[in-house]
1. Are any of the residues in region 243-250 modelled with pLDDT of 50 or more, in the same structural domain as R204 (by TED's automatic domain parsing) and farther than 16 Å from L167 by Cα?
2. Read through the list (1) in contact with a helix residue (DSSP H, G or I) (Cβ under 8 Å, 6 or more places away or on another chain); (2) among the polar types (S, T, N, Q); (3) surrounded by 23 or more Cβ atoms within 10 Å (Cβ to Cβ); (4) closer than 22 Å to A205 by Cα, then give the number of the only condition that Q125 fails.
3. Can you find a residue in region 253-265 that is in contact with a strand residue (DSSP E or B) (Cβ under 7 Å, 6 or more places away or on another chain), modelled with pLDDT of 80 or more, part of a helix (DSSP H, G or I) and under 28 Å from A72 (Cβ atoms)?
Amino acid sequence: MKYILLIFLLISSLTIVLVKRENNEVTPIYIKSKSIDFKEFTQSRGDKIALLMGNNQYKFSHLKNPINDVRAIKKSLIQIGLKESDIIILEDASRSEMLEALSIFQQRATSSKIALVYFSGHGIQINKTNYMFPAHTTAQSDLDIEELINLNSFISSATKANYGIILIDACRNNPLTRNFQIRGVRGSEQKGLGQVTLPPELERAIIGFATRAGEVADDGKGDNSPYAKALAKNLKFNLDIRPILSQVTRDVHRSTKDNTPPQVPIYDDTLGRESLCLTGICTGESSKIEHTKPDEVVFVEPALENIDTIGKLMYQKEPSLGRFTWSEAKKYCKNLTLKEYSNWRLPKKEELKKILDKEEIEQEEIDLWTQKKRKDGLVWAINIDDNEWYTSPTPKEWKNPSLCVKKIK
């Protein structure tokens with residue numbers, strides 16, 4: 001076997017290709033793409049920084065949208081105040097380039113208030129550990145694991161800041177999944193990425209994924225993946241990051257409801273009661289809501305005076321036509337009179353789940369309030385779309401329909 005070192009001097013970069021020749025066939029082993037200048041980023045002094053990485057070029061399964069995804073996210077971040085000099089963009093980067101960027105980013109993060117890392121491309125779980133694929137990688141099996149990048153590197157870089165945000169759109173269908181199974185364990189291959197829970201000691205951090213553990217995310221039929229499209233749209237509102245990711249979940253679930261199964265983004269955080277907005281101050285849509293006066297909240301909708309029961313729980317068979325903030329919804333139920341019954345209330349989570357198991361809600365994608373308030377100030381709502389539902393933390397300022405309940409004595 002002979003090795004040949006080929007060096008091509010281009011106008012803007014040095015590209016090195018190591019190839020092996022065997023039986024008159026030439027196979028590339030390593031490709032280094034053009035070098036990246038981090039000078040502007042390292043000299044900038046902004047306290048909110050972002051590292052956005054998108055890889056399209058994979059020999060085993062080319063992707064169409066990751067580069068478009070990072071450009072869309074960058075555009076939204078700039079719209080809410082981040083400086084271009086405080087954002088690193090990597091497109092079709094090699095492993096060495098990604099690691100270099102993560103290292104430089106981590107150094108800046110130590111003196112930054114907020115650090116966001118976003119990756120769009122192929123990922124895989126191997127023995128319950130998640131890895132990201134660099135572009136142009138020649139990795140083919142678990143023997144090549146050193147050519148991949150452990151997700152912990154992304155988490156470590158972002159969480160050196162006061163607040164760390166990690167967003168991973170890397171659960172695309174990976175044809176190499178079977179090759180990376182645990183050797184000698186049949187059926188050990190796993191789709192998508194593995195479950196990630198941030199340790200409590202890693203304070204002030206949040207990590208989001210394009211879909212649930214063990215499931216596959218869509219690359220998208222348009223210019224962006226469903227996850228990136230929803231992120232780019234909702235980041236512009238500059239709300240607390242948790243409500244943003246909750247709305248992203250709703251948008252992605254709705255846009256992929258014809259998939260089997262639909263895509264449901266998830267996140268985990270250690271933010272506690274603190275709010276985290278990318279510009280440092282939450283000034284988004286929620287602050288612009290004009291609150292309805294109490295006497296305007298209370299009204300009876302004759303069309304909804306259809307009552308049913310589950311055990312000793314009486315409930316409206318259909319949600320209200322009006323939409324209310326959480327506080328308004330509580331007042332609406334308390335002052336509601338249906339037939340001879342008054343003094344209703346918002347349902348508990350488990351009560352609302354039982355109602356939804358029994359009823360078919362005809363409205364197109366809505367959130368219904370529950371009475372449960374979280375420690376972080378958000379409120380549990382249940383999102384319904386095409387008769388499917390899931391719980392979602394929701395800002396209490398958002399306006400949603402109400403479905404009131406009452407205990408029967």
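The values are calculated or read from the model by the stated rules, or taken from the named source; none is laboratory data. No experiment lies behind these values; they were computed from the predicted model shown. Cβ placement follows ideal geometry from the backbone for every residue including glycine, while neighbour counts extend to all protein chains displayed.
1. We begin by selecting, within region 243-250, every residue modelled with pLDDT of 50 or more; these are 243-250.
Now drop any that are not in the same structural domain as R204 (by TED's automatic domain parsing), which leaves 243-250.
With farther than 16 Å from L167 by Cα added as a condition, the list becomes 250.
Checked region 243-250: at least one residue is modelled with pLDDT of 50 or more, in the same structural domain as R204 (by TED's automatic domain parsing) and farther than 16 Å from L167 by Cα.
2. It is condition (1) that Q125 fails.
3. yes
To keep it simple, each residue is scored yes or no on (1) closer than 23 Å to S156 by Cα; (2) of a type outside the set (K, R); (3) assigned by TED's automatic domain parsing to the domain that holds P265; (4) at pLDDT below 90.
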site: Q181; (1), (2), (3), (4): no, yes, yes, yes
site: G192; (1), (2), (3), (4): yes, yes, yes, yes
site: T197; (1), (2), (3), (4): yes, yes, yes, yes
site: P200; (1), (2), (3), (4): yes, yes, yes, yes
site: R204; (1), (2), (3), (4): yes, no, yes, no
site: I207; (1), (2), (3), (4): yes, yes, yes, no
site: D219; (1), (2), (3), (4): no, yes, yes, yes
site: S225; (1), (2), (3), (4): no, yes, yes, no
site: L231; (1), (2), (3), (4): yes, yes, yes, no
